[in-house]
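Note sheet for the following structure.
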Amino acid sequence: MQTILEKTGRIFLAASAVLLLLPGCTSQPAAAAGPVLRVRIKDFKIEPSRPTLDEGPVTLSVWNNGPSTHEFVVVQSDRPTDELPLAADGLSVDEDAVVPIDELTEVDAKTRGTLALTLSPGRYVLFCNLEGHYLAGMNAAIEVSAGA
């Protein structure tokens, strides 16, 4: 006769196996799309490997070289990188006042995150929106031009 603990353990294992088979339930990185733009983040800088891209699919490969966790946000904006609107706290960007594209909510130190995006022509600002990080200079811009 099985104990309740043994039955519960078997149910948990079976449920875990099913969840791993469902789409979107694994921790696999996003599939690469188009060229790769490497971006290095650290306290307190964001450094894209190049400042311009052609429109279309792109994969941002974000390496956190810093000693702490960072957020990585992509917005479309014609404003200078250090003049995005601030939230009421005065320490972070008001993400409701900009055109959001996508973000990585946490990129731990010495790890890589990826974002597969499709970008139209325009200017994009990359920044960390943890309190004070944007104000400390953790932002950069890239320009996306119409393809030939």
- Task: Please arrange LEU53, LEU86, LEU130 by counting, for each residue, the other beta carbons lying within 10 Å of its beta carbon, fewest first.
- Result: LEU86, LEU130, LEU53
- Three-way shape call for the stretch 80-119 based on the alpha-carbon gyration tensor, with the a/c threshold at 1.5: oblate
- Based on other C-beta atoms within 10 Å, arrange LEU37, LEU135 from fewest to most. LEU135, LEU37
- Message: Quick check on the stretch 29-145: what does the Kirkwood estimate of hydrodynamic radius come out to from the alpha carbon pairs, in Å?
- Response: 14.0
- Note on the structure: Here the net charge surrounding LEU117, from other residues whose Cβ is less than 15 Å away from its Cβ (Lys, Arg +1; Asp, Glu -1), is -3
- Evaluate the charge dipole of the stretch 40-148 about its Cα centre and quote only its size in Debye, nearest 20, assuming +1 on the Cβ of each Lys and Arg and -1 on the Cβ of each Asp and Glu. 520
- Query: What percent does the relative contact order of the stretch 29-145 come to when contacts are Cα pairs within less than 8 Å and at least six residues apart?
  - Reply: 35
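Every number here is computed from the coordinates shown, using simple stated rules; none is lab data. These numbers come from a predicted model, not from an experiment. Positions of Cβ are generated from backbone atoms using ideal geometry, with glycine treated the same way; all protein chains shown enter the neighbour counts.
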